[in-house]
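Read-outs: derived from the displayed coordinates by stated rules, not from any lab. Since the structure is predicted, the reported quantities are computational estimates derived from the model, not experimental observations. Counting neighbours? That spans all protein chains shown, and the Cβs are built from the backbone with ideal geometry, glycine included.
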2 protein chains.
Amino acid sequence: MQIAILIFDGLTALDAIGPYEVLSRLPGAELRIVAKEAGLKRTDTGALGMKADLALDDLEAPEVVLVPGGKGSRPLMRDPEVLEWLRSAHESSTWTTSVCTGALVLGAAGILDGKRATTHWAFLDHLSEFGAEPVAERVVEDGKVITAAGVSAGIDMALTLAARIAGDKVAQAIQLGIEYDPDPPFDAGSPSKASSEVIEMVRTAEPGRPS
Amino acid sequence: MQIAILIFDGLTALDAIGPYEVLSRLPGAELRIVAKEAGLKRTDTGALGMKADLALDDLEAPEVVLVPGGKGSRPLMRDPEVLEWLRSAHESSTWTTSVCTGALVLGAAGILDGKRATTHWAFLDHLSEFGAEPVAERVVEDGKVITAAGVSAGIDMALTLAARIAGDKVAQAIQLGIEYDPDPPFDAGSPSKASSEVIEMVRTAEPGRPS
């Protein structure tokens, strides 16, 4: 099963690597890191280089497509070549997925029209610009399209997808293998739980830096 | 503040990228990806290339040191150059940290002698070989050494560390920025919670593949 993760300069690394860590452990997975042009991409912080082994043309009909987010996803929303590739891949895909603001790229490709979808909480309202119904949930499935909320939500999305593809026991074995028994030191991971001061810190500036 | 994440061929990507995503958002963070030799490293699945921008010699006294795990960490445990660098970095560091089997590398460098520490659940017993006291907790602090359990535990560890460095509100803003409000579809992320069948799947083979 070919699983394509689209990367680009300015992506948020964990958007891609959370699902990578889950999906690459699926039996028979052939995980491919793909970009408009193959080669090294730098993440949104600039601090990490990740390599796209393949260009879009090298991979035409992956069974799973995943689009991460990050500030570098904005130019993709206006890139005809990327959008056309996504539309074409979506036609033949078994699952088309996104994490964080990757949903806005799916939206710009027309893939979310009429669908329930989610994205990073700070960008949720934007989904309606693409004909989608914004849903404030961590993982949203609508047919073969699965969208995840911000950044870390990609791990939960990928475990959900792993169960759809290979069954609950395999997904649970992957969860146990990556010891995903989360225990954050604070309960501040959602705007419904964080203080208004912390929400304002994220909305206005560093260090939350939603993208 | 210089934060060094050591990478190597055969690392588990999420071990490094979970903490990267948290720590790179700290105000004033200068996050550096470092390896024995600079250049591209492939992760344990082979499916992802990550670039080490710096070699060990390029970075002598980082304030924070983080060692991820993965099957590629085994050769590091016998690599005098890496172990000497770690010992030297630990002497001047503010925090020395590990995720998953990265703890065994800290152990091999002598850094865990007499300390409470943790690692991936499947490797916990090995910590005593290095004079450490194995602790079955997700994040273990002992002085300036913080160790995390398997793979995904690095996110919780890094949020704990972010709070120590920059205070609770900054850590909470980072948590909210990465929307870390985990909601896994199964409750199977720890051997105390998973079924014996699932534990056996992880212990013996794919797809859990502890490393």
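Tabulated values for the structure
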{"item": "Criterion: in a strand (DSSP E or B) and either free of Cβ contacts under 8 Å to residues at least 24 places away in the same chain or in contact with a Phe, Trp or Tyr (Cβ under 8 Å, 6 or more places away or on another chain) (or both) - qualifying residue of A:Leu31, A:Leu14", "result": "A:Leu31"}
{"item": "Checklist (1) more than 10 Å from every other protein chain (Cβ to nearest Cβ); (2) under 30 Å from B:Ala188 (Cα atoms); (3) not polar (S, T, N, Q) applied to A:Leu23, failing item", "result": "(1)"}
{"item": "Qualifying residue in segment B:57-66 (condition: within 17 Å of the chain's Cα centre (by Cα), within 22 Å of A:Leu40 (Cα to Cα) and outside any strand (DSSP E or B))", "result": "no"}
{"item": "Meets criteria (surrounded by 24 or more Cβ atoms within 10 Å (Cβ to Cβ) and under 10 Å from the mean Cα position of the chain (by Cα)) for A:Gly107", "result": "no"}
{"item": "Segment B:141-156, residues that are closer than 24 Å to B:Glu63 by Cβ and touching an Asp or Glu at 6+ places or on another chain (Cβ under 9 Å)", "result": "B:Asp142, B:Thr147, B:Ala148, B:Ala149, B:Ala153, B:Gly154, B:Ile155, B:Asp156"}
{"item": "Selection from segment A:46-68 of residues that are within 14 Å of chain B (Cβ to nearest Cβ) and in contact (Cβ under 8 Å) with a residue 12 or more places away in the chain", "result": "A:Leu48, A:Met50, A:Lys51, A:Ala52, A:Asp53, A:Leu54, A:Leu59, A:Pro62, A:Val64, A:Leu66, A:Pro68"}
{"item": "Qualifying residue in segment A:157-173 (condition: at the interface with chain B (Cβ under 7 Å from one of its Cβ atoms), touching a residue at least 60 places away in the same chain (Cβ under 8 Å), over 30 Å from B:Thr119 (Cβ atoms) and outside any loop (DSSP other than H, G, I, E, B))", "result": "no"}
